[in-house]
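Asks: First the structure, then my questions, so here it is.
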Amino acid sequence: MNNTLAFIGGGNMASAILGGLLRAGRTPDSLIVVEPYEPQRQKLAAELGLQALPAPDASLARASLVVWAVKPQLFQEAAAPCAGQLGQALQLSVMAGIRSDAIVRATGAERVVRSMPNTPALIGQGIAGLFARPAVTAQDRQLVDEVLAPTGRTVWVDREADLDAVTALSGSGPAYFFYVVEAMMQAAQDMGLSEAQGRELALATCAGAAALALQSPESPAVLRERVTSKGGTTYAALSAMQAAGVGPAIVQAVKAAQQRARELGDEFGG
């Protein structure tokens, strides 16, 4: 990866990608970052050794890939001064809610990839859903995979609308996990354990279960059944969850997130 990459926005997700690229051997002089917020520029300098620009300049024309990492509501404002300096660069968006048509209109580029990452990317354990417009080549896809590799895994989808489902499942998914952990910690304290004990037990259990499921050829349903003896403690817990409608409630919640993702796409101009 010797080509120059430009990042419009230097916040948390951009920092996760930038940090991963630097750890993978990229040099700072091959990275251009535009970040108007001075405290964030100072943070990039202190933590990553990158000197970010307060505004776009002619150096953007060197970039073979431009990563859009600004808040969705700021995209149009951020894109306006860049439009004439993007050349023929591949465009990669990590913004939620901005559809590829809007990126094409703002940049004049047809080679656009949309990505929906999630926050575990900050520690290299994320997963990102990706959609490519027809003009994106196989080489472009490979470059995107290489750029995002330090943040975790990638999954390509064939339809842009599928990114709404990705947003609902994995984009918002870490919050669902934290919500379950919170409830487990509360139960631990109700049963007499300390907050610290509950936290350690809950997080280690969830992390171990996820690792087991990832490594096992068996389905989560089979793995669940193997832990569940009829009349035992797990059976009692799962019976209580089923009686409370926990499963359907989770499905309903994920679908609500998908619907909201569609609405945001409409709001920001698809």
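Each reported figure results from applying straightforward, stated rules to the coordinates on display, with no laboratory input. Bear in mind that the values here come from a model prediction, so they are computed numbers and not experimental data. Positions of Cβ are backbone-derived with ideal geometry, glycine not excepted, and every protein chain shown enters the neighbour counts.
Asks: Out of the residues in the range 1-40 that are touching a residue at least 60 places away in the same chain (Cβ under 8 Å) and in contact with a Phe, Trp or Tyr (Cβ under 8 Å, 6 or more places away or on another chain), state the one that is farthest from Leu60 (Cα to Cα).
Replies: Once the filter is applied, the top-ranked residue is Ile17.
Conditions tested, residue by residue: (1) closer than 21 Å to Pro120 by Cβ; (2) among the hydrophobic types (A, V, I, L, M, F, W, C).
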| residue | (1), (2) |
| --- | --- |
| Phe7 | yes, yes |
| Gly10 | yes, no |
| Arg23 | yes, no |
| Ala46 | no, yes |
| Ala63 | no, yes |
| Trp68 | yes, yes |
| Phe75 | no, yes |
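Asks: Another one. Is there a residue being in a helix (DSSP H, G or I) and touching a residue at least 24 places away in the same chain (Cβ under 8 Å) anywhere in the range 152-163?
Replies: yes
Asks: Take the range 47-70 and flag every residue that is among the charged types (D, E, K, R) and surrounded by fewer than 14 Cβ atoms within 10 Å (Cβ to Cβ).
Replies: Of everything in the range 47-70, those that are among the charged types (D, E, K, R) and surrounded by fewer than 14 Cβ atoms within 10 Å (Cβ to Cβ) turn out to be Glu47, Asp57.
Asks: Kindly provide the set of residues from the range 1-32 that are under 19 Å from the mean Cα position of the chain (by Cα) and β-branched (Val, Ile, Thr), ordered by number.
Replies: Within the range 1-32, Ile8, Ile17 meet the criteria.
Asks: On the given criteria, is Ala243 loosely packed, with under 13 Cβ neighbours inside 10 Å and of a type in the set (Gly, Ala, Ser)?
Replies: Criteria met by Ala243.
Asks: In the range 180-206, what residues are loosely packed, with under 13 Cβ neighbours inside 10 Å, over 21 Å from Ala249 (Cβ atoms) and among the small types (Gly, Ala, Ser)?
Replies: Gly192, Ser194, Ala196, Ala204
Asks: Of the conditions (1) over 24 Å from Gly124 (Cβ atoms); (2) in contact with a Leu (Cβ under 9 Å, 6 or more places away or on another chain); (3) not acidic (Asp, Glu), Ala102 fails just one. Which one is it?
Replies: Condition not satisfied by Ala102: (2).
Asks: Between a residue in the range 101-124 that is under 12 Å from Val136 (Cβ atoms) and without any contact (Cβ under 8 Å) to a residue 12 or more places away in the chain and any residue that is surrounded by 18 or more Cβ atoms within 10 Å (Cβ to Cβ) and hydroxyl-bearing (Ser, Thr, Tyr), which pairs come within a Cβ distance under 6 Å, given they are 6 or more apart or on different chains?
Replies: If the second residue must be surrounded by 18 or more Cβ atoms within 10 Å (Cβ to Cβ) and hydroxyl-bearing (Ser, Thr, Tyr), no pairs are left.
Asks: Out of the residues in the range 132-146 meeting the condition of being of a type in the set (A, V, I, L, M) and not in a helix (DSSP H, G or I), tell me which one is surrounded by the most Cβ atoms within 10 Å (Cβ to Cβ).
Replies: Looking at residues that are of a type in the set (A, V, I, L, M) and not in a helix (DSSP H, G or I), I get Ala132.
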